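One structure is given here, and the rest of the page talks about it.
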Amino acid sequence: MECKVVENIYLLVIITLISVLQNVFFAQKVEREGKNRDINTSAFNRVSCANRNCMDAYPTFLAVMWCAGVCLSQ
């Protein structure tokens, strides 16, 4: 039983790291769009809005994912 819980924790850690990489990708994309083009362009606004939406929902996503992963693995 202990092995199953440890396997699930590893999966949660992997998913957490992948989601961190996604957020870093969005942040870099916002930075690139801001440097390469005028800040008032629609491309910058779309990327910036996507980044803001991800960052707003990210803490809730992590909390729910970890709670569900730990509670449901028992």
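The values are calculated or read from the model by the stated rules, or taken from the named source; none is laboratory data. What you see is a predicted model; the values in this text were computed from it and never measured. No Cβ is skipped: glycine too gets one built from the backbone with ideal geometry, and neighbour counts run over all protein chains shown. To get the accessible areas, we keep the full protein, side chains included, count just its heavy atoms, and leave off ligands, DNA and RNA. Shrake-Rupley method; radii C 1.70, N 1.55, O 1.52, S 1.80 Å.
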Inset, instruction - Go through (1) surrounded by 10 or more Cβ atoms within 10 Å (Cβ to Cβ); (2) modelled with pLDDT of 80 or more and name the single condition residue 36 misses. - result: (2)
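Could you list, in sequence order, all residues of segment 39-55 that are open to solvent by 50 Å² or more (accessible area, probe 1.4 Å) and either of a type outside the set (A, V, I, L, M, F, W, C) or at pLDDT 80 or above (or both)?
Quick first cut of segment 39-55, residues open to solvent by 50 Å² or more (accessible area, probe 1.4 Å) only: 39-40, 42, 45-46, 49, 52-53, 55.
The answer is 40, 42, 45, 46, 49, 52, 53, 55.
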